[in-house]
């Protein structure tokens, strides 16, 4: 077998999905083979999804469990090696498997974060306090118990609640006087019963353990939500200000910020914080504020010793400066990656992440390209484009119709993720309906954006079946 023809990438899929179509397309576009390792899909997808993956990839293995383990990674790499496959790197966009990606890359000899670093990032209590100790965050966090819940409510300050190790907006909300321990138990029980998300909300695993609801980084003291669910909440000082995300590729200790997205519209609900719309580059920051943000992000990554990888750093800006929401060691969700592609006029964030892995041993040529796409030290974005995208969320109910509507500016990309007949149940995480991305010349944005924001609100319309009774 020719070594050149055998070159490929290991892709890790959670329950058969995790944007496999996008990942396979990105890998195949480089003439590389796609080797997919997936955990067992949910019952309703166990017949269709493995077959769909087999049509997409060159080789597919589906495990017997709903969650991949380090043992699964080792076995599949042994299998690929025995068949002559030349696996160049591993990649996943599912944050719950990011430490498994790190383990695979370590075995393959590819520079990456180590698994311990990934798991430390997912421990949001330790992360917040570590950055506070370094002077990079004004807030602190602690594990939430029934006692600390009552104490914070008596104090009357502004606090935020979220899982210690979580993903997306599931179970994230501002603490109010009406928040009860029963609310937390309900959200934790919902997480435990969710096949897709249960393992991600478990307490932090060790690098060598299976991700699951019985591994713990913070021991479950009486009166914590981990007593029965394996899910731990934290309470932290509320971070004020407008929210942004920095899209970062780090190579050999040097962070390169290829885009900054401003959360143009957000909705804080009782059980989640929804990011409705984003614009890039930001519209509300002065050049000085943006430069301070670029420096702050570099300091955060340096303090945490995050020298390799792709990062979606969520932060807020207030009059006192920048503060952290989260550091996600992966591509941002929704349309972040294609938005970066529209901004660069070429590679999206997923492309850049893969290229950073493929060139890690000889990065000179890639670094030249990366520097040409990244913000300069004085806050200047590269390229002439600006982007705006809107995400649509579904309410509980049975969907009767989903419509895409035209506006004054044609979209670059439209995704509709639900269809007539789908039933949406109540949940403490967002249920995506669809998303639409637009691009424009940055010089024309001030004239275009106000009308686009209005038009975009009805770009996807949904009608639900009327309830009987």
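Here the helices (runs of 4 or more DSSP H) wholly within the stretch 332-385 that include at least 3 residues being over 28 Å from residue 414 (Cβ atoms) and without any contact (Cβ under 8 Å) to a residue 12 or more places away in the chain are 364-373. Taking the condition closer than 30 Å to residue 38 by Cα, modelled with pLDDT of 65 or more and in a loop (DSSP other than H, G, I, E, B), does residue 195 pass? Judged against the criteria, residue 195 is a match. Restricting attention to the stretch 391-440, the residues that are touching a helix residue (DSSP H, G or I) at 6+ places or on another chain (Cβ under 9 Å), over 11 Å from residue 456 (Cα atoms) and crowded, with 17+ Cβ neighbours inside 10 Å total 6. Looking only at the stretch 118-133, decide whether some residue is farther than 21 Å from residue 176 by Cβ, assigned to a loop (DSSP other than H, G, I, E, B) and modelled with pLDDT of 95 or more. Checking the stretch 118-133: not a single residue is farther than 21 Å from residue 176 by Cβ, assigned to a loop (DSSP other than H, G, I, E, B) and modelled with pLDDT of 95 or more.
Scanning the stretch 133-145 for residues that are more than 25 Å from the chain's Cα centre (by Cα) and crowded, with 16+ Cβ neighbours inside 10 Å gives a single hit, 145.
Mind telling me which of the residues 437, 452, 418 ends up being modelled with pLDDT under 95, in contact with a strand residue (DSSP E or B) (Cβ under 9 Å, 6 or more places away or on another chain) and either in a loop (DSSP other than H, G, I, E, B) or farther than 30 Å from residue 252 by Cβ (or both)? Checking each option against the conditions leaves just 418. Of all residues in the stretch 31-51, those being surrounded by 14 or more Cβ atoms within 10 Å (Cβ to Cβ) and closer than 26 Å to residue 359 by Cα number 7. Does the stretch 81-88 contain at least one residue that is over 24 Å from residue 353 (Cα atoms), assigned to a loop (DSSP other than H, G, I, E, B) and not assigned by TED's automatic domain parsing to the domain that holds residue 196? Yes, the stretch 81-88 has at least one match. Of all residues in the stretch 367-383, at least one satisfies being more than 19 Å from residue 19 (Cα to Cα), in contact with a helix residue (DSSP H, G or I) (Cβ under 7 Å, 6 or more places away or on another chain) and at pLDDT below 95.
Comparison of 196, 164 shows that the only residue that is surrounded by fewer than 21 Cβ atoms within 10 Å (Cβ to Cβ) and within 16 Å of the chain's Cα centre (by Cα) is 196.
Considered as a group, the residues in the stretch 149-161 that are at pLDDT 90 or above and in a loop (DSSP other than H, G, I, E, B) include one that is surrounded by the most Cβ atoms within 10 Å (Cβ to Cβ), and that residue is 158. So, in the stretch 52-92, of the ones that are buried (at least 16 other Cβ atoms within 10 Å of the Cβ) and out of contact with any strand residue (DSSP E or B) (no Cβ under 9 Å at 6 or more places or on another chain), which residue ends up nearest to residue 28 (Cα to Cα)? Per the criteria, the residue is 52. Of all residues in the stretch 170-182, those satisfying the criterion of being surrounded by 14 or more Cβ atoms within 10 Å (Cβ to Cβ) and either closer than 19 Å to residue 237 by Cβ or free of Cβ contacts under 8 Å to residues at least 60 places away in the same chain (or both) are 171, 172, 173, 174, 175, 179, 181.
The values are calculated or read from the model by the stated rules, or taken from the named source; none is laboratory data. As the structure is a computational prediction, the values presented were derived from the model and not from experiment. As a convention, Cβ positions derive from the backbone with ideal geometry for all residues, glycine included, and neighbour counts pool all protein chains shown.
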